[in-house]
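Visitor: Input: one structure, supplied below.
The values are calculated or read from the model by the stated rules, or taken from the named source; none is laboratory data. Just so it is clear, the structure is predicted and the values come from calculations on it, not from any experiment. Cβ: placed from backbone, ideal geometry, glycine included. Neighbour counts: every protein chain shown. Ligands, DNA and RNA are excluded from the accessible area calculation, which covers all protein heavy atoms including side chains. Shrake-Rupley method; radii C 1.70, N 1.55, O 1.52, S 1.80 Å.
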Amino acid sequence: MPNAEGRKVALITGVCGQDGSYLTELLLEKGYIVHGLKRRSSSFNHPRLEHILDKDYPNSKNFILHYADMVDSTSLTNLLKLTQPDEIYNLAAQSHVKVSFELPEYTAAASGMGALNLLEAVRGAGLADKTRIYQASTSEMFGKVHEVPQSETTPFHPRSPYGVAKVYAFWIFVNYRESYNMFCCNGILFNHESPRRGETFVTRKITMAAARIKLGLQDCVSLGNLDAKRDWGHAKDYVEAMWRILQQDKADDFVVATGITTTVRAFCEWSFNRAGLPLRWEGEGVNERGIVASGEHEGKVVVKVSERFFRPAEVELLLGDPAKAKAVLGWHPEQLTSVEKLCEEMVDADMELAKLEIMNVEMKKKLKVPY
Ligand code: NAP
Ligand code: GDD
């Protein structure tokens, strides 16, 4: 696709996801033409992009969505020939760890082979020398961690079909860099969250529940392993690191993390506290309960533990060492959003959404909308 204005052109796969939406905002702000790859869905699947598609959004005209799929190589080659991107950000994946145990083959195809399909499409479109490519690699590759904290040199030991698929994608990126001298980079990102996080990831599940329980829309939330530890940052800060990775003189791989780890339990306590429902815990194992400790709802059980949310193999602890990202990329997590602030932002946003939900329910009743 011609770029008459001399702007850089980017292609984002997985553009409809959490990171895709923040990265689109960042690149448009930097003056890029942004092409987004979305897959076909039976219902509207880009609510996170709605504001950007609004004609009044700055540079909205520079954002173009296309249908393609990571498991359809032809669609990828055609899209690359059409868009001729300077930079590709491969964010598309079946990204849910627990779901990957139920969909192992599809996860391998989309999150593992998808990376290879993309690299071959770049070569097939004659772009191997021109295009820089970012792969959304993950701390899940460290899995059963061999050292603490985890850095670029820590061995991988994935614990899920998702983690295994991502290890394949990581190495095929390294291999194409070494074999064909392509500008292929891996960002090994630790968990990053936001108010746009998918509703079934643990942080968002908790912040939504805290808000909805406070406003009477839900009674209780069931969770799995409360003692798992994650190194959580803000997605908006992490897409900045992705962009920096592709601006280096030399293609390389980077760990992107905060260097602070927090339990699911602590995130839960902060969230419910922010919603005005301070928690105390009672019981053990699957009998453990989170109970409102004081105030109007004192004594109400709001958190339960359910085996349903345990994983066949768990990643107990993730803690990243961002030293290389700090030194080379100039990306400094200590100056960015803290996990406590992130939690507050998510709960506050979910409070507003819960209020909207109440208004919607009332409106639908009034207007007699059938579903
Ligand atoms: P996300 O919200 O789940 O977004 C993933 C996107 O990929 C979705 O828009 C999804 O489409 C799309 N997708 C899935 N299968 C596809 C296929 N076959 N073809 C085309 N598109 C497909 O994930 P995220 O949190 O933004 O993460 C972005 C990437 O970073 C993912 O690759 C993830 O594995 C990786 N990562 C994430 C984290 C994190 O903590 N968020 C950390 C490390 C790495 P639909 O919207 O239609 O479902
Ligand atoms: N989803 C979920 N739901 N997780 C729960 C629950 C629950 O009800 N209860 C406890 N957990 C625990 C999980 O067992 C896990 O240890 C931790 O909370 C975090 O789970 P998720 O939020 O689902 O994230 P994840 O760490 O498995 O994977 C995310 O981060 C990876 C980077 O490390 C995803 O975004 C991956 O795509 C990403 O690669």
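Visitor: Quick check on segment 278-304: of everything there that is open to solvent by 20 Å² or more (accessible area, probe 1.4 Å) and in a strand (DSSP E or B), which residue is farthest from MET346 (Cα to Cα)?
Guide: GLU282
Visitor: Moving on. Filter segment 175-218 for residues that are within 22 Å of the chain's Cα centre (by Cα), within 27 Å of PHE254 (Cα to Cα) and of a type in the set (A, V, I, L, M, F, W, C) and give the result.
Guide: Within segment 175-218, CYS184, CYS185, ILE188, LEU189, PHE190, PHE201, VAL202 qualify.
Visitor: Inside segment 305-318, can you point out the residues that are exposed (fewer than 12 other Cβ atoms within 10 Å of the Cβ) and in a loop (DSSP other than H, G, I, E, B)?
Guide: Answer for segment 305-318, where residues must be exposed (fewer than 12 other Cβ atoms within 10 Å of the Cβ) and in a loop (DSSP other than H, G, I, E, B): SER306, PRO312.
Visitor: Do you know which residues across segment 243-277 are free of Cβ contacts under 8 Å to residues at least 40 places away in the same chain and hydroxyl-bearing (Ser, Thr, Tyr)?
Guide: THR263, the sole residue that qualifies.
Visitor: Checking SER139 against (1) open to solvent by less than 50 Å² (accessible area, probe 1.4 Å); (2) near ligand 2 (Cβ under 10 Å from one of its atoms); (3) in contact with a helix residue (DSSP H, G or I) (Cβ under 7 Å, 6 or more places away or on another chain): exactly one of these is not met. Which one?
Guide: Here SER139 meets the rest and fails (3).
Visitor: Scan segment 106-122 and give yes if some residue there is closer than 19 Å to ASP72 by Cβ, of a type in the set (Asp, Glu) and more than 10 Å from ligand 1 (Cβ to nearest atom), otherwise no.
Guide: Yes, segment 106-122 contains a residue that is closer than 19 Å to ASP72 by Cβ, of a type in the set (Asp, Glu) and more than 10 Å from ligand 1 (Cβ to nearest atom).
Visitor: In segment 351-368, what count of residues is obtained for those that are among the β-branched types (Val, Ile, Thr) and open to solvent by 60 Å² or more (accessible area, probe 1.4 Å)?
Guide: Here is the first cut: in segment 351-368, the residues among the β-branched types (Val, Ile, Thr) are 358, 361.
From what's left, open to solvent by 60 Å² or more (accessible area, probe 1.4 Å): 361.
Of the residues in segment 351-368, 1 are among the β-branched types (Val, Ile, Thr) and open to solvent by 60 Å² or more (accessible area, probe 1.4 Å).
Visitor: Can you name the residue in segment 39-82 that is within 11 Å of ligand 1 (Cβ to nearest atom) and aromatic (Phe, Trp, Tyr) and is also modelled with the lowest pLDDT among such residues?
Guide: Only one residue fits best here, namely PHE44.
Visitor: Also, quick follow-up: Please identify the pairs in which a residue from segment 192-218 that is over 19 Å from VAL301 (Cβ atoms) has its Cβ atom under 8 Å from the Cβ atom of a residue that is among the acidic types (Asp, Glu) and open to solvent by 40 Å² or more (accessible area, probe 1.4 Å), counting only partners at least 6 apart or on another chain.
Guide: Every condition considered, the pairs that remain are SER194/GLU345; PRO195/GLU345.
Visitor: For segment 179-277, which strands (runs of 3 or more DSSP E) that fit wholly inside it have 1 or more residues that are buried (at least 24 other Cβ atoms within 10 Å of the Cβ) and in contact with a Ser or Thr (Cβ under 6 Å, 6 or more places away or on another chain)?
Guide: Of the strands (runs of 3 or more DSSP E) lying wholly inside segment 179-277, those with at least 1 residues that are buried (at least 24 other Cβ atoms within 10 Å of the Cβ) and in contact with a Ser or Thr (Cβ under 6 Å, 6 or more places away or on another chain) span 183-189, 253-256.
Visitor: May I pose another question? If you go through segment 228-241 one residue at a time, do you hit one that is within 25 Å of ARG308 (Cβ to Cβ) and more than 16 Å from ligand 1 (Cβ to nearest atom)?
Guide: no
Visitor: Select from segment 337-350 the residues that are more than 15 Å from ligand 1 (Cβ to nearest atom) and either open to solvent by 30 Å² or more (accessible area, probe 1.4 Å) or over 20 Å from LYS236 (Cα atoms) (or both) and list them in ascending order.
Guide: Selection gives SER338, GLU340, LYS341, GLU344, GLU345, ASP348, ALA349.
Visitor: Kindly indicate the residue of segment 10-38 that is in a strand (DSSP E or B) and within 8 Å of ligand 1 (Cβ to nearest atom) and also surrounded by the fewest Cβ atoms within 10 Å (Cβ to Cβ) among those meeting that condition. Quick ask: steps written out before the conclusion?
Guide: Residues of segment 10-38 in a strand (DSSP E or B): 10-13, 33-38.
With within 8 Å of ligand 1 (Cβ to nearest atom) added as a condition, the list becomes 13, 37-38.
Numbers: THR13: 27, LEU37: 27, LYS38: 21.
That would be LYS38.
Visitor: I need the full set of residues from segment 118-131 which are in contact with a Leu (Cβ under 9 Å, 6 or more places away or on another chain) and either within 30 Å of ALA228 (Cα to Cα) or crowded, with 21+ Cβ neighbours inside 10 Å (or both), in order please.
Guide: Within segment 118-131, LEU118, ALA121, VAL122, THR131 meet the criteria.
Visitor: Tell me, please, whether a residue that is modelled with pLDDT of 95 or more, under 26 Å from VAL148 (Cα atoms), within 13 Å of ligand 2 (Cβ to nearest atom) and surrounded by 16 or more Cβ atoms within 10 Å (Cβ to Cβ) can be found in segment 319-332.
Guide: Among the residues of segment 319-332, at least one is modelled with pLDDT of 95 or more, under 26 Å from VAL148 (Cα atoms), within 13 Å of ligand 2 (Cβ to nearest atom) and surrounded by 16 or more Cβ atoms within 10 Å (Cβ to Cβ), which makes the answer yes.
Visitor: For segment 149-189, which residues satisfy the criterion of being among the acidic types (Asp, Glu) and within 22 Å of GLU240 (Cα to Cα)?
Guide: Hit for segment 149-189 is GLU152, nothing else.
Visitor: Could you list, in sequence order, all residues of segment 169-191 that are small (Gly, Ala, Ser) and away from ligand 2 (no atom under 16 Å from the Cβ)?
Guide: SER179, the sole residue that qualifies.
Visitor: Give the residue that is farthest from THR131 (Cα to Cα), with candidates limited to residues of segment 146-168 that are within 11 Å of ligand 2 (Cβ to nearest atom) and open to solvent by less than 50 Å² (accessible area, probe 1.4 Å).
Guide: SER160
Okay, residues lined up against (1) touching a Ser or Thr at 6+ places or on another chain (Cβ under 7 Å); (2) open to solvent by less than 50 Å² (accessible area, probe 1.4 Å); (3) within 15 Å of ligand 2 (Cβ to nearest atom); (4) not in a helix (DSSP H, G or I):
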position: TYR57; (1), (2), (3), (4): no, no, no, yes
position: HIS66; (1), (2), (3), (4): no, yes, no, yes
position: VAL71; (1), (2), (3), (4): no, no, no, yes
position: LEU76; (1), (2), (3), (4): no, yes, no, no
position: LEU79; (1), (2), (3), (4): no, yes, no, no
position: GLN94; (1), (2), (3), (4): yes, yes, yes, yes
position: TYR106; (1), (2), (3), (4): no, no, yes, no
position: ALA109; (1), (2), (3), (4): no, yes, no, no
